[in-house]
Every structure is written in structure tokens, then in C-alpha cells.
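Read-outs throughout are calculated quantities, based only on the coordinates presented, and are distinct from any laboratory measurement. All figures in this text were calculated on a predicted structure; none of them were measured in a lab. No Cβ is skipped: glycine too gets one built from the backbone with ideal geometry, and neighbour counts run over all protein chains shown.
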Amino acid sequence: MATSATGTTPVRLGQAIRAAREARGLSLRELARRVSVSPSFVSQIELGKANPSVGTLYSLVSVLGTTLDDLIGEPPAGPGPELVDASVAEGASPGTWPRVGVPVQPAEGRKRVEMSGVVWERLTADHDPYVDFLHVEYAPGSSSCAPEQMMRHGGREYGHLLHGRLDVQVGFETHSLGPGDSINFDSMTPHRLSNPYDEPCTAVWFVLSRRDDDRMSGAE
């Protein structure tokens, strides 16, 4: 796929969502019902004519039983990642970790996902099973979700603001971040990110262990 003018690689998110839906035998109407949006909106997303919010994207990923990397990444060529025995490192717990195949992600060619006023760029070259490592952009007036539909999902989040300002509501408390400020919180706590200001903001964001957090399995 050709890269955009910014040097990133736009992801055909709608096509990936449709492929995941069809692979799981879900009708468009059933997926819409489970995500609590209209079938026409899901259709528009799949056709690339509308962008979901961050909250809607997380809901789609959850319902489809997939991951963000599965949607925006590309299948690896050849065999899967080589496993490394973590116990060989001094003080490490026994277990296996996938070997990092490509350690550097150049600024040119980062995978880019555009949502409703929000842009995510993946900062790892390979699929990482443990963390979503992202460069995020929030346009003026944009947010991760509607005020009455705050997000919650597995994992723990860490953010560092580079430019502009960003409001992060965690539970009942709202934190206003400026350049150089950082935040971390439990992603199971209802939260919302918004930019009610006149300038865009950019940040580096981590979501740790979202896929392996089993607390959501018992959540309503």
C-alpha cells in the first residue's frame, strides 16, 4: 500500500473489520446490535465512508474477538515469531517471549488508523502481544467517546503529552494535561480522552496487557 503524504501507511480499517466479521459468521445487523450502533453506521465504516470513535473501535475489537494489531497489522511472512526462554535472563521468570523481529519502526511507513477526529499511529514495526505502543493525535473538539459512553477495557494506560492540551477523565475526576505532562491509570476504570481546545494535541500512549487482562470476562 502506498504511504500517505505524511509518510505513514493508512490502514483500510473498514475492510479489516468486514473480513473479521465475516470470518466469525456475524451479520452486519448482529454486529451493530452487539456494539450498540446502527447497522447503517457499521456499513459506512466497512465501506470506508465513516470512521468509528475510539470507544466504538474498542467495542468492535471486543465483539469480534480480535485485536487492534490483527486489524491494522499484516500477517507475518513465513513462520511465526521465534520464542525465547525468558528464564535465560538473570532474575527473569520462566516462560517464553516472542523474539522481536524488527526492532526499529522508522517515522516513514508507520501504520496509521484514522477514527472520528482521532489518529493512531503504531510505533512498533511488528505485532506486539503485550502492549499497544502508539502516537496519538486529537483534533480540536474530538474525543475518544461520548460523555455518556465512557470507555473501559482491560489493561493499564500510560500517556505522555507532546503538544497541545488534552483532558483525561478517569472515573469522576478530570485531569487537564499540557506538554510534558504524563498520566497513568487502570483501563478498567471508566475513562474518556477529549480535546475541547482550539489546537490539536499529540501524545505517546501505551496500553499494557489489554489482551491478557481477564477482568473484562466478568464485566457486564
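Identify the GluC sites (Glu not before Pro) of region 137-199 meeting these criteria: DSSP loop state and at most 11 other C-beta atoms within 10 Å of the C-beta. All intermediate terms of the calculation are to be shown ahead of the outcome.
Working: sites: 137, 148, 157, 173; in loops: 148.
When the GluC sites (Glu not before Pro) of region 137-199 are filtered for loop state and at most 11 Cβ neighbours within 10 Å, 148 remain.
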Distance from the Cα centre of region 5-69 to that of region 89-166, in angstrom? 18
Charge dipole magnitude, Cβ of K and R +1, D and E -1 - region 88-183, Cα centre, debye nearest 20: 180
